[in-house]
Amino acid sequence: MTADRFHPLPQSKLKAGAGYEVVGTLSFKKVNLHSPAIEVMTDLRRVEALTTTEVINIDAAEKMMIDYGVRSLIVVDSEHKITGIITSTDILSDKPMQIIADRGLLHSDLLVRDVMTPAHKIKVIDLQDVMKAKVGDVVETLKQSGRQHALVVDVLDNGHQRLCGIFSATQIARQMQTEKVAEAATQFA
């Protein structure tokens, strides 16, 4: 067995003004309705998706959204298979109050599974269609679906889908540099 020969790498001093890239953040450039749709997609092949489980209390899920500055979480099981999606709209709508009244529960008893959109009801967009689309097409899709988010999937060789992106009305409004982001996002859905 021969001895491996390793060599130290060259080093230098850190220069004044050096910055760093925060993992999971991207710089978003300004877009318009005619820009390629891929420019407004959060690419989950580069940024980790924020997830939760069905058995988390909705207050904890809402806190997670607030802490991370997002308005949705992907709901997964112990094998990281998607079981649904929960949005801030799901949590803040009348649905939780209706469930509390119907089941005689306390608000603290409500779990993500009670208010989430289950996987079998989620409509997705194929990545191949996204690659040919414009931002305006995504905006129209969000309007027609009445939702703030749209999930993008890639179809693997075995025919299974893999979540690879998310469109967010709020993110699109930010990138379009709309003055009233929240108002614009509401108009999309």
Could you list, in sequence order, all residues of the stretch 58-82 that are crowded, with 20+ Cβ neighbours inside 10 Å and over 10 Å from the mean Cα position of the chain (by Cα)?
ILE58, ALA61, VAL75, ILE82
Selected residue [loosely packed, with under 13 Cβ neighbours inside 10 Å, modelled with pLDDT under 90 and either among the charged types (D, E, K, R) or closer than 23 Å to LYS29 by Cα (or both)] from ALA182, ALA189
ALA182
The lone exception for PHE28 - which of (1) surrounded by 10 or more Cβ atoms within 10 Å (Cβ to Cβ); (2) in a loop (DSSP other than H, G, I, E, B); (3) at pLDDT 80 or above it fails:
(3)
Quick check on the stretch 133-153. Is at least one of its residues in contact (Cβ under 8 Å) with a residue 40 or more places away in the chain and on the phi > 0 side of the Ramachandran plot?
yes
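For the stretch 58-67, state whether one or more residues are small (Gly, Ala, Ser), modelled with pLDDT of 90 or more and in a helix (DSSP H, G or I).
yes
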Residue match in the stretch 154-164 (condition: surrounded by fewer than 16 Cβ atoms within 10 Å (Cβ to Cβ), assigned to a loop (DSSP other than H, G, I, E, B), under 17 Å from the mean Cα position of the chain (by Cα) and modelled with pLDDT under 90)
no
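Restricting attention to the stretch 35-57, report how many residues are closer than 16 Å to VAL152 by Cα and outside any helix (DSSP H, G or I).
Final tally of qualifying residues: 12.
Would you say ILE166 is β-branched (Val, Ile, Thr) and touching a residue at least 12 places away in the same chain (Cβ under 8 Å)?
yes
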For the stretch 100-150, which fully contained helices (runs of 4 or more DSSP H) count at least 1 residues that are over 26 Å from MET64 (Cα atoms)?
127-132, 135-145
Condition broken by ASP114, with the remaining ones in (1) charged (D, E, K, R); (2) modelled with pLDDT under 90; (3) over 19 Å from ILE166 (Cα atoms) satisfied
(2)
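Is it true that THR83 is more than 16 Å from THR42 (Cα to Cα), out of contact with any Lys or Arg (no Cβ under 6 Å at 6 or more places or on another chain) and not in a helix (DSSP H, G or I)?
The answer is yes for THR83.
The values are calculated or read from the model by the stated rules, or taken from the named source; none is laboratory data. Keep in mind that what you see is a predicted model, and the values were worked out from it rather than measured. Heads up, the Cβs are rebuilt from the backbone with ideal geometry, glycines too, and the neighbour counts pull from every protein chain shown.
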